[in-house]
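A.B. asks: Here you go, one structure.
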Amino acid sequence: MYEKTINFIKQLYGNQEFTPLAVPVFVGNEKKYLNECIDSTFVSSVGKFVDRFEEMVAEYTGAKRAVVCVNGTNALHIAMMLAGVERGDEVLTQALTFIATCNAISYIGAHPVFIDVDKETMGLSPVALKNWLEANAEVKNGACYNKHTGHRVKACVPMHTFGHPCKIEDIAAVCHEYHLELVEDAAESIGSFYKGRHTGTFGKIGALSFNGNKTITTGGGGMLLFNDEELGKLAKHITTQAKVPHRWEFRHDHIGYNYRMPNINAALGCAQMEHLEEYVLNKRETAKQYAEFFKNIADIDFFVEPADSRSNYWLNVVILKDKEAQLKFLQETNDNGVMTRPIWELMNRLPMFEHCEHDSLENTIWFADRVVNIPSSVRL
Ligand SMILES: Cc1ncc(COP(=O)(O)O)c(C=O)c1O
């Protein structure tokens, strides 16, 4: 039934026996920098590549300060902490996200509240956010509270789903009105811009991921983005065991975390950053070809970037007619050597979060029943 689509995807990726979803490419200075790193013996927590990688990402994204972490999940953990989220607080986010968003909220002892996503972006809906707040929240003494639970609502964490920027300016305006800290889960969206500004730089803090399936990778890795230099400095301090700088003394002035990315991963990051823009343009060209192809395929729509955005098209998305068609498509493509995946199980359906509050999640469920990710690697 989906033979034409399977053949098109296979041909797009050079007719391999197996077409994976997203694999990294190493065609630049990766080996050179790794060798330099090994030769220097500074493979661990000290070395020049860490600073260089942070500077490269700050320059590319326009953030005042970028701070590397071991992965995107612990970048989000630190972001929650620095946004002032505390045990018992509520944090507004999406049910349509990867588990890491909610894990980071949970590490603090806070609770996610799931708000619906937008039909045009697959990211948090500013309208649904506002509606939930109007119905459930009140601002008292400069802080937002859930009128029903009495808990403080401290932050909002939208996610730029599959690399497509969400309506982040409108979300920021609602957060401002309700005194919520805005933390962007930009794990999937390095290289994606909204109105010319990089995702992850609109709120108080943004978090990126450099996991192996992302647009660029450091093996494992994450990055925090800040517009506030002082907050960035504090992040650096607490992600490096909060050690007070001294030539030989071991003094620590805060509970710290060993979340700093090793130099050897950062070496990989520097080499990958040199090719980021080229990879994004390559992925956008693939998306253009998919969009053209699916125009002529009945009952499958290709999801195109939202208005005012330059998406990295991290993972390409097709929308099937219904759940039955989604399952059939998954079955046929995977049976024929084309790797495809459905969206993550919705967060409110997982045992750890099924008791959490949520709104209607109408669009969220609509997407969950129809979305399939199709191969999206950079094509060399
Ligand atoms: C939306 C989202 N948030 C957070 C993460 C966590 O990043 P990491 O795997 O680097 O911990 C990922 C991806 O892996 C993600 O897709």
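A.B. asks: Among what's in region 137-151 and is in contact (Cβ under 8 Å) with a residue 40 or more places away in the chain and not in a loop (DSSP other than H, G, I, E, B), pick the residue that is nearest to E357 (Cα to Cα).
C.D. replies: It comes out as N146.
A.B. asks: Same structure again: Go through L124, L133 for me and flag whichever is within 15 Å of the ligand (Cβ to nearest atom) and buried (at least 22 other Cβ atoms within 10 Å of the Cβ).
C.D. replies: Of the residues listed, the single one that is within 15 Å of the ligand (Cβ to nearest atom) and buried (at least 22 other Cβ atoms within 10 Å of the Cβ) is L124.
A.B. asks: If you take the residues of region 332-380 that are among the acidic types (D, E) and within 15 Å of F114 (Cα to Cα), which of them is least open to solvent (accessible area, probe 1.4 Å)?
C.D. replies: Start the filter on region 332-380 by keeping residues that are among the acidic types (D, E), which leaves 332, 335, 345, 354, 357, 359, 362, 369.
In the following step, the residues that additionally are within 15 Å of F114 (Cα to Cα) were identified as 345, 354, 357, 359, 362.
Numbers: E345: 99, E354: 119, E357: 58, D359: 32, E362: 130 Å².
So the residue we want is D359.
A.B. asks: Just for helices (runs of 4 or more DSSP H) wholly inside region 23-120: which have at least 3 residues that are farther than 26 Å from A368 by Cα?
C.D. replies: Values: elements: 30-40, 48-61, 72-82, 99-107.
Counting at least 3 such residues, we get 30-40, 48-61, 72-82.
Results for (1) more than 8 Å from the ligand (Cβ to nearest atom); (2) surrounded by 22 or more Cβ atoms within 10 Å (Cβ to Cβ); (3) on the phi < 0 side of the Ramachandran plot, shown as yes or no for each residue.
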| site | (1), (2), (3) |
| --- | --- |
| E188 | no, yes, yes |
| G196 | yes, no, no |
| F202 | yes, yes, yes |
| I205 | yes, yes, yes |
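A.B. asks: All but one of (1) within 30 Å of N211 (Cβ to Cβ); (2) in contact with an Asp or Glu (Cβ under 9 Å, 6 or more places away or on another chain) hold for A172, so report the exception by its number.
C.D. replies: With (1) within 30 Å of N211 (Cβ to Cβ); (2) in contact with an Asp or Glu (Cβ under 9 Å, 6 or more places away or on another chain) applied to A172, the lone miss is (2).
Residues checked against (1) closer than 20 Å to F98 by Cα; (2) assigned to a strand (DSSP E or B):
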position	(1), (2)
K130	no, no
V153	no, yes
F162	yes, no
C175	no, no
H179	no, no
G200	yes, no
G212	yes, no
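A.B. asks: In the set T161, T217, which member is surrounded by 23 or more Cβ atoms within 10 Å (Cβ to Cβ) and within 14 Å of the ligand (Cβ to nearest atom)?
C.D. replies: Working: T217 fails: surrounded by 23 or more Cβ atoms within 10 Å (Cβ to Cβ).
Being surrounded by 23 or more Cβ atoms within 10 Å (Cβ to Cβ) and within 14 Å of the ligand (Cβ to nearest atom) holds for just one of T161, T217, which is T161.
A.B. asks: Can you confirm whether L231 is more than 16 Å from the ligand (Cβ to nearest atom) and either of a type in the set (V, I, T) or not in a loop (DSSP other than H, G, I, E, B) (or both)?
C.D. replies: So L231 passes the test.
A.B. asks: Let me ask something else. Six or more apart or on different chains, Cβ atoms under 6 Å: show the pairs whose first residue is in region 194-219 and farther than 20 Å from E181 by Cβ and whose second is of a type in the set (V, I, T) and surrounded by fewer than 24 Cβ atoms within 10 Å (Cβ to Cβ).
C.D. replies: Taking only residues 6 or more apart or on different chains, the pairs are F210/T217.
A.B. asks: Working only within region 101-113, note down all residues that are open to solvent by less than 10 Å² (accessible area, probe 1.4 Å) and either within 15 Å of the ligand (Cβ to nearest atom) or acidic (D, E) (or both).
C.D. replies: T101, C102, A104, I105, P112
A.B. asks: Hey, does region 71-82 have a residue that's open to solvent by 40 Å² or more (accessible area, probe 1.4 Å), within 16 Å of the ligand (Cβ to nearest atom) and touching a Gly at 6+ places or on another chain (Cβ under 6 Å)?
C.D. replies: Yes, some residue in region 71-82 is open to solvent by 40 Å² or more (accessible area, probe 1.4 Å), within 16 Å of the ligand (Cβ to nearest atom) and touching a Gly at 6+ places or on another chain (Cβ under 6 Å).
The values are calculated or read from the model by the stated rules, or taken from the named source; none is laboratory data. Since the structure is predicted, the reported quantities are computational estimates derived from the model, not experimental observations. We place every Cβ from the backbone using ideal geometry, glycine too, and count neighbours over all the protein chains shown. In case anyone asks, the SASA skips ligands and DNA or RNA and just uses the protein heavy atoms, side chains included. Shrake-Rupley method; radii C 1.70, N 1.55, O 1.52, S 1.80 Å.
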